[in-house]
1. Filter segment 74-86 down to the residues that are outside any loop (DSSP other than H, G, I, E, B) and either farther than 25 Å from Ile108 by Cα or touching a Cys at 6+ places or on another chain (Cβ under 7 Å) (or both) and list them by number.
2. From Thr67, Thr13, grab the single residue that is more than 25 Å from Arg210 (Cα to Cα) and either buried (at least 20 other Cβ atoms within 10 Å of the Cβ) or out of contact with any Cys (no Cβ under 6 Å at 6 or more places or on another chain) (or both).
3. In contact (Cβ under 8 Å) with a residue 60 or more places away in the chain, surrounded by fewer than 22 Cβ atoms within 10 Å (Cβ to Cβ), among the small types (Gly, Ala, Ser) and within 30 Å of Phe11 (Cβ to Cβ), is that true of Ser148?
4. Take Arg140 and decide whether it is at negative phi, free of Cβ contacts under 8 Å to residues at least 40 places away in the same chain and either among the hydroxyl-bearing types (Ser, Thr, Tyr) or crowded, with 16+ Cβ neighbours inside 10 Å (or both).
5. Just checking, does segment 140-158 include any residue being closer than 19 Å to Phe239 by Cα and not basic (Lys, Arg)?
6. Yes or no: Ala153 surrounded by 13 or more Cβ atoms within 10 Å (Cβ to Cβ), of a type in the set (Gly, Ala, Ser) and touching a strand residue (DSSP E or B) at 6+ places or on another chain (Cβ under 8 Å)?
7. Looking only at residues in segment 3-32 that are polar (S, T, N, Q) and outside any strand (DSSP E or B), which one is farthest from Leu64 (Cα to Cα)?
8. Considering (1) within 29 Å of Val44 (Cα to Cα); (2) in contact (Cβ under 8 Å) with a residue 60 or more places away in the chain, say which one Leu232 fails and leave the rest.
Amino acid sequence: MSDVLWFNGRFTTTGERVIGVEDRGFQFADAVYEIFKFIGKRPVFLLDHFRRMERGLRAIEIPLPWTEESFEATMRELLARTAFGDGIVYIQVTRGEAQRAHFWPEGIAPTALAYSRVFRFPGAAKKERGIAVITTPDLRWQRCEIKSSNLLANALAKKQAQRAAADETILLAGGFVREGASSSFFAVRDGRIITHPLDEHILPGVVRDRAIELALAAKIRVDERPLREPELFDLEEAFITSTTQGVMPVTTIDGRAIANSRRGEITTTLQQQFDALERA
């Protein structure tokens, strides 16, 4: 079934082929993307996603195709045209189409698109059971704070996890834990949450920010510092956060149990509070 597609100012469906072969998003991964969740056709944290996209586009010198107001209006109309109530919207802005060359021409018009897609979010059983993760070296580029569509290293890491019967890969570099291949990573030691600070090594996650806010409001200490690799197997709890997974417990890392393979108390608290926040 085709889904609703907004492409460069007009509505169509994903059944229409719209990208030219010399679009720089296709040729060079010269693009930024976003994904937001919607429940009952209501977007979740919509403007947080817009602002992150705006920062990423500015960093790589692609003009923003929307104002905050026009972006919100476009996404709400897209959801109104969507036939289902719950899912995700994928958004991508590329530098645009031009004759293939590493140097791009000045004044090139960006390509912008957004489409809705059905997504099966984790149910209560999985939220309690949690997930298995593996670790791999971080092979991504040096500007991970930009949500670039260049996801080859992430895709290879995710495929490695799938082949190991795991759900996610935790990326390691220089003896430190960075983040998941498609998620933010949190550890709990001595009753404190530890997560990597915001810098060029990790993506500033929208759900990551909410989880930290909820933890601080619950008087749980949060240390934003790089977790050392040896600490990874001496944890009381661990969890990941992302738009599609929410707050998700991690119960095994490289086959080794965390907290007796059970969802921990802090993870449970944040998960329940975040789910309530999403529904609010």
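Where a number appears in this text, it was derived from the coordinates with a stated rule and is not lab data. Remember, predicted model here, so these are calculated numbers, not experimental data. Neighbour counts are summed over all protein chains in view; Cβ atoms, including those assigned to glycine, are modelled from backbone coordinates with ideal geometry.
1. Arg76, Glu77, Leu78, Leu79, Ala80, Arg81 - these are the residues of segment 74-86 that are outside any loop (DSSP other than H, G, I, E, B) and either farther than 25 Å from Ile108 by Cα or touching a Cys at 6+ places or on another chain (Cβ under 7 Å) (or both).
2. Every option except Thr13 fails the conditions.
3. yes
4. Working: at negative phi: yes; free of Cβ contacts under 8 Å to residues at least 40 places away in the same chain: yes; either among the hydroxyl-bearing types (Ser, Thr, Tyr) or crowded, with 16+ Cβ neighbours inside 10 Å (or both): yes.
Judged against the criteria, Arg140 is a match.
5. We begin by selecting, within segment 140-158, every residue closer than 19 Å to Phe239 by Cα; these are 154, 157-158.
Among the residues that remain, those that are also not basic (Lys, Arg) are: 154, 157.
Checking segment 140-158: at least one residue is closer than 19 Å to Phe239 by Cα and not basic (Lys, Arg).
6. Working: surrounded by 13 or more Cβ atoms within 10 Å (Cβ to Cβ): yes; of a type in the set (Gly, Ala, Ser): yes; touching a strand residue (DSSP E or B) at 6+ places or on another chain (Cβ under 8 Å): no.
When the stated conditions are applied, Ala153 does not pass them.
7. Thr14
8. Condition not satisfied by Leu232: (1).
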